Amino acid sequence: MKLKFILLSTLILLATSGVFAQVKFEAKVSKSSLGINERLRVDFEMNQDGDNFQPPNFQGFRVVGGPNQSISNSWINGRRTYSKTFSYFLSPTARGKFTIGQATIQIDGETFKTVPINVEVTAAVDQPKDGENPDYLTSENIHLVAEISKTNPYLNEAITVVYKLYVSPETAVSGWREIDNPKFADFWSQNTDNKQFQVYEGTYQGKPYRYAILRSTVLYPQKTGKLEIEPLSLDVQVEVRTNRRDIFGRPFMTHVNKTVSAGTKTIEVKPLPNESMPANFSGAVGKFDFKVKANKTKLDARESLEILVEVSGNGNLKLFKPPRLVAPNNIEVYEPEFQEKVTTTDKGMRGSISENYTIIPQFKGNYPIKPLVFTYFDIESETYKTITSDEIIIEVEKGPVTGDSSSITATNSNKKAVILTEDQFKYIKLKPELKAINSAQFFKSPLFWSLLTGPLVLIPLFILIGKKRRELENDVEGKRLKKANRLARKYLSEAKKNSHNQKQFYESLERALHNYLKAKLSIETSEFSKERINSLLQERRVEAQVSENFISILKNCEYARYTPATDGTIQQDYEKAVQVISTIDKQIA
């Protein structure tokens, strides 16, 4: 009897242990620090079943997978173990420190919350590892590559970074946006114009790929030693084949957002040779010509002439100044006018910089302009080269004489007293003919009463202006719609201006259409799917044909990135966009 009682008590305790077990509800992340091109898995686990699960808003991330639900229920040694998990896959939208907020669930009528988790998003990593995410398969078909023209340049030597997006033939890219740009902190940098977007055939890691050049940047390193070139990261919209096929055997395509990065690159910058560096070296690196020329050398006193000091060629032209002109003391020299005619290509800077001096001699005589010396470091020969200009003799034939003019031509050490003529300062007025100020009485004058009563009259006006200003500041929705309308008009105007450039035209046109939708439908960029747009337009009583025309223009903008378009097609798409926007304005409810 006693044994039966013990067995019955044990069974009762086992049956009720699950009821009185402590509820556990916690959040777990796959990593606390990740690159902007990696994925993050977040699991919300509970040891008892519950209802009304509410995830956080995942600020700073985009949900690319989930929620996936899994349940585990097992008995081990007579003890029940239960687990239920909600899993999400997240992609960062920016660098920084973010918090995975609290999730909530109701268990037996009580609400339980998870503890917030801090996650840091860093710059892109070279080899992202997200094997748990099915979307990771797209990383095998899309690659963003940074090609550097030279990894061991001299200080102030030009190098080029070309960013190429490689896409396999099995994958189609419908668009992309930059989410993290390199800062080039230790470089002088400038992007070169990519006049027309083109798709090329090539190979990547021995396999056939198509690629497009997204950006070319010319860099001039400003420090020596190891310098890092930060990665460029893109959010790419990809169409990937699936294993499913239609009745004709063609594979279905699925849309996936993929973050790709070029990875961090490191270069070793060599210092310029210090042993053979001339004292007058000013930092010019490249291949240059140097000249000093005057527009005339014979003139009269108080006439002007111009002397041009010019450096031309290939190199870091924007990073140094030409040598300064040195003139005799008896010549009046004005501050030079600096001119820069420099273009930047994939090979670096080329063109010329110059300083144009205006000179006015005051007295008769011969004045020598000493030769100027310009030194630069030649990349090809890896040596310093010096160019010396010719001496320029300025002959002043007519004018007042001061001392012995021959001594001026020889040296400036024997200075003579300057003899002034009578009309040297004739422009100074010796008799100013000043008049007394009218001393009329100010008290009780019209000006007095205006200044006294003016503030009292303006007080109600200021009150009305302040009230109107507060109303405008509180009208958040109105300000947002006005801003979107201005942007739509701006981008549509830009599209018309860029009609000669296919890529810029369709980018401007697509931005105009998106901002128009923001203004009219009050939707965000994340909701810009064609199905969502069509549904919203129909809800606002826009005709089906007009909605189809609007979506057709959006498709044309996407296709134009990869297929050439004629001037007639561009003009037709622009007129169609104007007509569709005008029609929607009339029909929208």
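Read the figures in this text as sums done on the coordinates, not as results from a lab. Remember, predicted model here, so these are calculated numbers, not experimental data. Methodologically, a virtual Cβ is constructed for each residue, glycine included, from the backbone with ideal geometry; neighbour enumeration extends over all protein chains shown.
Compute the FRET efficiency between Thr383 and Thr358 as 1/(1 + (r/R0)^6), taking r as their Cβ-Cβ distance and R0 = 45 Å, and round to the nearest 0.05.
Numbers: r = 36 Å, r/R0 = 0.80.
After rounding to 0.05, the efficiency reads 0.80.
Based only on other Cβ atoms within 10 Å, what is the fewest-to-most ordering of Trp449, Trp176?
Details: Trp449 10, Trp176 21.
In increasing order of surrounding Cβ atoms, one gets Trp449, Trp176.
Which FRET efficiency, nearest 0.05, do Ala185 and Lys347 yield, Cβ-Cβ r, R0 22 Å? All intermediate terms of the calculation are to be shown ahead of the outcome.
Values: r = 24 Å, r/R0 = 1.07.
That pair, Ala185 with Lys347, gives E of 0.40.
Measure off 7 Å from each Cα along the Cα-to-Cβ vector at Ser582 and Arg302, then give the distance between these two points in nanometres to one decimal.
Spacing of the two 7 Å Cα→Cβ label points: 6.7 nm.
Taking the mean number of other Cβ atoms within 10 Å as a proxy for protection, how do you rank 52-65, 269-282, 152-165 from highest to lowest?
Values: 52-65: 15.4, 269-282: 11.9, 152-165: 19.6.
The most tightly packed comes first, giving 152-165, 52-65, 269-282.
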